[in-house]
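First comes the structure, then the notes that go with it.
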Amino acid sequence: MKKSTLILDKEYKISQIDPRIYGSFIEHLGRAVYGGIYEPGHPLADENGFRTDVIEAVKKLGVPIVRYPGGNFVSGFCWEDSVGPVDQRPERLDLAWFTTETNEVGLHEFANWAKKADSDIMYAINLGTRGPENARDILEYANHPGGSKYSDMRIANGIRDPLGIKLWCLGNEMDGPWQMGSKTAYEYGRIANETAKIMKWVDPSIELVACGSSGSYMPTFGDWELTMLNECYDNIDYVSLHRYYGNPTGDTANFLASTMDMDDFIRTVVSICDAVKGKKHSKKQVHLSFDEWNVWYHSIEQDKEIKKRDRWGRALPLLEDIYNFEDALLVGSMLITLLRNSDRVKIACLAQLVNVIAPIMTRNGGGCWAQTIYYPFMHASKYGRGTALRPVISSPKYDCSEYQDVPIIDAMATVSDKGEVTVFCVNRDMSEDCVLDLDLRSFGPLVMTEHIAMHHDDVQAVNTEENPENVVPLNVPVSKVEDGKAEVCLQSLSWNVLRFSPKTI
Ligand code: AHR
């Protein structure tokens, strides 16, 4: 059995955790909206056609913000098509996914859904085929109280009070050649700056996210951030990061080390933001919005077939990755990485939420179930609130095909306002359990209240509608805390949540 140690001190504070790092994403793509959150006629649909089983599953995850309506979709989207009487809304070709958008669900319907799901909207505007004028109009429509063309249009369409959307994305992945209206970094920086200025004149209370790179592998990564931030730094608040990982070769050790890249990606973007800040002699701090992250690769081949077979189809089953146990481990490690960088990552969105590369799956007319990745997200969102603490970890390391010196134990800790300490850990070791010696003396007397562990002997194991509890977390016996020290066993390849509370005498 391997051995590692974790020392935690209540003064090793990284940052207050912004709850928005537990955000997610719903795009008009595949069955995310139609057949996902919305299915009128389903036995569990409410009076608005929203599936109540899905709403319940989302609420259990605790998702404070949902990015909407795209994604690639937004770069060709005309928001005006999605408001007003539903029977008068046009159907449109969506050139992002080569499907047909019916516009049956639009801004009003989504705002209603988000309220039911206890979430706020993070709204992405189209900076691909459209520009600043259009951004001004949708913002006026959503947030202006009344007495102007678009705010009065909202009122005429049935919503008197402003929607009050606080967080806006200035386009999506504008560095990507696959994007409608993609741009060079300079072109994007200029348009983002002008759009940001105008939007903040309409509503100074909003916050804006500028598009960073679509991934750390992009050839323009780094230069993109530097060039575009040079143009828009003063008027934006966050820069976005997107990253998906996959394991197409079945190399689990390497796959589980992917967060080494994620960590590096974050730190590089932080350095560039701060370099631009320095160059501009600015007092303002731009933070990070990791607004697309997940595992994504299982469905790629299948999607090619679907698109070939049914070009311009409606609500096709696209990007329906079926997540296995090792995906849940990586998602756990990605959450640990976000928490570790929570001094700069203030927003993050698990992409996406329902059916499309999602923790929640549905069958049209049928059930709703949790994929493997649902659980680490739920644990982090539920227990990873308050203050992030930096643990000092000593752990055996391994080398794999792309990464060297990968610690087998990846861990982060948080302390809640009530003094409850939570340690999240992944044991990446492929064959051996690991004893973790915890030193928590600075917190005073503690009791261990819970040890949640998730493990499966088969890294390929999945949950299905028929067998939804194949891969689920279990409660294992807690350890004794003596003189502020505890010893826990982390099973080989496992996700663990260790919870401690102040001892009451
Ligand atoms: O989340 C799926 C897609 O991935 C999004 O539409 C796009 O922004 C990214 O490339």
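Quick note: the coordinates plus some simple rules give every number you see, no bench work behind them. On a predicted model such as this, the values are computed, not experimentally measured, just so you know. Positions of Cβ are backbone-derived with ideal geometry, glycine not excepted, and every protein chain shown enters the neighbour counts.
See the values below:
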{"item": "Label-point separation in nm, Val476 to Ile198, each point 7 Å along Cα→Cβ", "result": "5.7 nm"}
{"item": "Förster radius 51 Å - calculated FRET efficiency between Gln491 and Ser205 (Cβ-Cβ, nearest 0.05)", "result": "0.60"}
{"item": "Counted charge near Ile37, where neighbours are those whose Cβ lies closer than 10 Å (Asp, Glu -1; Lys, Arg +1)", "result": "+1"}
{"item": "Nitroxide proxy distance, nm - points 7 Å out along Cα→Cβ at Ile300 and Ser282", "result": "3.4 nm"}
{"item": "Contour excess over end-to-end distance, with Cα ends at Lys10 and Arg190 and 0.36 nm allotted per residue", "result": "60.4 nm"}
{"item": "Linear extension gain, Arg314 paired with Ser416, 0.36 nm per residue minus alpha-carbon span", "result": "32.2 nm"}
{"item": "Mean residue ellipticity (222 nm) of the chain, computed from DSSP H runs ≥ 4 via -39,500 (n - 2.57), nearest 500", "result": "-8000 deg cm²/dmol"}
{"item": "Unsatisfied cross-links (Cα-Cα over 22 Å) in the set Lys59/Lys307; Lys116/Lys166; Lys13/Lys279; Lys200/Lys284; Lys60/Lys480", "result": "Lys59/Lys307; Lys13/Lys279; Lys60/Lys480"}
{"item": "The stretch 18-364 - charge dipole about Cα centre, Lys and Arg +1 at Cβ, Asp and Glu -1, debye rounded to 20", "result": "580 debye"}
{"item": "Fully extended contour minus Cα-Cα distance, from Lys149 to Leu44, at 0.36 nm per residue", "result": "34.0 nm"}
{"item": "Positive-end extreme of charge dipole, the stretch 18-364 - chosen from Gly158, Val33, Tyr217 (charges on Cβ)", "result": "Gly158"}
{"item": "Label-point separation in nm, Ala156 to Leu226, each point 7 Å along Cα→Cβ", "result": "5.0 nm"}
{"item": "Cα long-axis angle, helix 132-143 against the chain (0 to 90 degrees, to the nearest 10)", "result": "70 degrees"}
{"item": "For the stretch 156-173 and the stretch 339-404, distance of Cα centres in Å", "result": "27 Å"}
{"item": "FRET E, pair Asp405, Asp87, Förster distance 60 Å, beta-carbon r, rounded to 0.05", "result": "0.50"}
{"item": "Where the Cα pairs of the chain fall when distances are cut into 20 Å bins, in %", "result": "23, 56, 21, 1"}
{"item": "Cβ-based net charge around Leu226, under 14 Å, with every Lys or Arg adding one and every Asp or Glu removing one", "result": "-2"}
{"item": "Local net charge near Asp81, Cβ-Cβ under 10 Å (Lys/Arg +1, Asp/Glu -1)", "result": "-1"}
{"item": "Antiparallel bridges, percent of DSSP beta bridges restricted to the chain (to nearest 5)", "result": "60 percent"}
{"item": "Loop-located trypsin sites (Lys or Arg not before Pro) in the stretch 1-84, at most 16 other Cβ atoms within 10 Å (DSSP)", "result": "Lys10"}
{"item": "Backbone N under 17 Å from the Glu450 label point (7 Å along Cα→Cβ), restricted to the stretch 357-381", "result": "374-381"}
{"item": "Degrees, to the nearest 10: 185-202 long Cα axis against longest axis of the chain", "result": "80 degrees"}
